[in-house]
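Participant: Quick one: structure below, then a few questions.
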Amino acid sequence: MDFADSPEQAVFRKEVESFFAKNFPDALTVGDSDDPFSEGGPVAPGARADAMKQWRAALVEKGWIAPAWPKEYGGANLSPMEQFILNETIAERSAPRVGVPDVGSTIMVHGTPEQKAEFLPPMVRGETRWCQGYSEPGSGSDLASLQTRAIRDGDDFVVNGQKIWTSGAHLANMIFMLVRTDPEAPKHRGITYLLSPMNVPGIEVRPLVQMSDARGFNETFFEDVRIPVKNAVGEINRGWYVGATHLDFERSSIGSAVGQRKMLDTLRNYLLKERDAKSGKTRLGQVDAPRLEFADRYIEATVAKTLSQRVISMQSRGLIPNYEASMTKVFATEFSQRIARTSTKLLGLYGGLRDRNSEYSPMKGRWATMYLSTVSSTIAGGTSEIQRNVIATRGLGLPRG
């Protein structure tokens, strides 16, 4: 496989790099004292907020806030390979990932002209923040068993039920969700895809605190919530197929692969600076086993990038990655866990400290926090078990268990 850019891709890459050189604010490059996973100097929170507005405005003007969308909806109609180059550059620059939520792609494919006009422009302008109402306490990997009910009453659906692991619900002002509108229908039927504001009566959000102290997940309760029927995207009772649809966005996970390699670079630089008081050796030079393990992580970073390149090479040829995307997802999430484990070994006994204010916490305890936070990475977005089933049946042709 030739990984080099074609002449046309090389021209586009230069355009992207030129755009970054002219428009990316220095204030968005945060220093090691604030964030060990990036470079540069610390900035005041207010300056960073102003810089984010400036950066978003530049992306909106270029059409790169939603690069795959048609130009009439604020996009740039970029090809999959052009999106790959753009996202690779964003990751290499450690730039904040500013874009539109996946619900926009679903509306683009299945939405009515009225829904597109109402919901898409605010996404591009950053005026709406969306959360996803899919998982329920008894319906995670087996999402089609969801039980949140929506009963039609005139021009409204009346929704009752509960969602869980609703990422960002405490900050969102909009939600897209799957609800059961026909309980008598077969399992994957009788489901409808609905859009709703979060400030309507009857919605309650309760935060869920993770063991890493992160507060991104929530429980979301619905009690007699009225949602207009016109907010149903696609056919009523066929929302399962609507929810599975995404526009042909670039989904190679190149940003994740590049970001993981940059994390390793940052850890390596830190370890090379730290020396044992008696021997004078760096942390990387003290113990062979973790040092060799660290080398394995770098090899795996190259594997992760190659898997991403495989996915994008398929998309650029008009193919739809299936088990190939599952392979990328499994490898990337389990790789993040291996990075966290290796880092805590290399940092020694102090590597388990998470107190950001303690002088004994290496790099403000970020690696210990990563160790805890990555536990859930192989569950979110489809468990590794589910992904391996996809790889086995669709990739290897093995029979279903």
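For every residue, the table says whether it meets (1) within 24 Å of Gln210 (Cα to Cα); (2) more than 22 Å from the chain's Cα centre (by Cα).
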| site | (1), (2) |
| --- | --- |
| Ser361 | yes, yes |
| Lys364 | yes, yes |
| Met370 | yes, no |
| Thr374 | yes, no |
| Thr378 | yes, no |
| Glu385 | yes, no |
| Arg388 | no, no |
| Leu396 | no, yes |
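Participant: Looking only at segment 184-215, count how many residues are farther than 15 Å from Ala172 by Cα and surrounded by 18 or more Cβ atoms within 10 Å (Cβ to Cβ).
Facilitator: So the count comes out to 5.
Participant: Which residue pairs have Cβ atoms under 8 Å apart, sit 6 or more places apart or on different chains, and have a first residue in segment 387-401 that is charged (D, E, K, R) and a second that is loosely packed, with under 14 Cβ neighbours inside 10 Å and not in a helix (DSSP H, G or I)?
Facilitator: Once the first residue is charged (D, E, K, R) and sits in segment 387-401, its partners that are loosely packed, with under 14 Cβ neighbours inside 10 Å and not in a helix (DSSP H, G or I) give Arg394/Asn322.
Participant: Quick one: how many residues across segment 353-400 are of a type outside the set (A, V, I, L, M) and either exposed (fewer than 14 other Cβ atoms within 10 Å of the Cβ) or touching a Ser or Thr at 6+ places or on another chain (Cβ under 6 Å) (or both)?
Facilitator: Step one: filter segment 353-400 for residues of a type outside the set (A, V, I, L, M), giving 354-362, 364-367, 369, 371, 373-374, 376-378, 381-385, 387-389, 393-395, 397, 399-400.
Keeping just the survivors that are either exposed (fewer than 14 other Cβ atoms within 10 Å of the Cβ) or touching a Ser or Thr at 6+ places or on another chain (Cβ under 6 Å) (or both) gives 354-360, 367, 369, 371, 373-374, 377-378, 381, 383-385, 387, 394, 397, 399-400.
The total comes to 23.
Participant: Could you check segment 330-352 and list, in sequence order, the residues that are among the hydrophobic types (A, V, I, L, M, F, W, C), over 27 Å from Thr166 (Cα atoms) and either in contact (Cβ under 8 Å) with a residue 12 or more places away in the chain or surrounded by 15 or more Cβ atoms within 10 Å (Cβ to Cβ) (or both)? Step through it out loud before you land on a result.
Facilitator: Our first condition is that a residue be among the hydrophobic types (A, V, I, L, M, F, W, C); within segment 330-352, this holds for 330-332, 335, 339-340, 346-347, 349.
Next, from what is left, pick out any that are over 27 Å from Thr166 (Cα atoms): 346-347, 349.
Listed by number, the residues that qualify are Leu346, Leu347.
Participant: Pairs, please: C-beta under 9 Å, at least 6 apart or cross-chain, first residue outside any helix (DSSP H, G or I) and in segment 68-79, second of a type in the set (Asp, Glu)?
Facilitator: These pairs meet every condition: Ala68/Asp248; Ala68/Glu250; Ala76/Glu82; Leu78/Glu250; Ser79/Glu250.
Participant: Can you name the residue in segment 172-183 that is over 17 Å from Asp102 (Cα atoms) and at pLDDT 95 or above and, of all such residues, is surrounded by the fewest Cβ atoms within 10 Å (Cβ to Cβ)? Write out each step before concluding.
Facilitator: Applying the first criterion (over 17 Å from Asp102 (Cα atoms)) to segment 172-183 yields 179-183.
With at pLDDT 95 or above added as a condition, the list becomes 179-182.
Working: Val179: 27, Arg180: 23, Thr181: 22, Asp182: 14.
By that ranking, first place goes to Asp182.
Participant: Restrict the check to segment 100-117 and report whether at least one residue is under 23 Å from Asn237 (Cβ atoms), at pLDDT 95 or above and either part of a strand (DSSP E or B) or among the acidic types (Asp, Glu) (or both).
Facilitator: Yes, segment 100-117 contains a residue that is under 23 Å from Asn237 (Cβ atoms), at pLDDT 95 or above and either part of a strand (DSSP E or B) or among the acidic types (Asp, Glu) (or both).
Participant: Kindly establish whether Arg341 is farther than 25 Å from Ala4 by Cβ, outside the structural domain of Ser79 (by TED's automatic domain parsing) and modelled with pLDDT under 90.
Facilitator: Working: farther than 25 Å from Ala4 by Cβ: yes; outside the structural domain of Ser79 (by TED's automatic domain parsing): yes; modelled with pLDDT under 90: no.
Answer is no for this residue.
The values are calculated or read from the model by the stated rules, or taken from the named source; none is laboratory data. Bear in mind that the values here come from a model prediction, so they are computed numbers and not experimental data. Note that each Cβ is placed from the backbone with ideal geometry, even for glycine, and that neighbours are counted across all protein chains shown.
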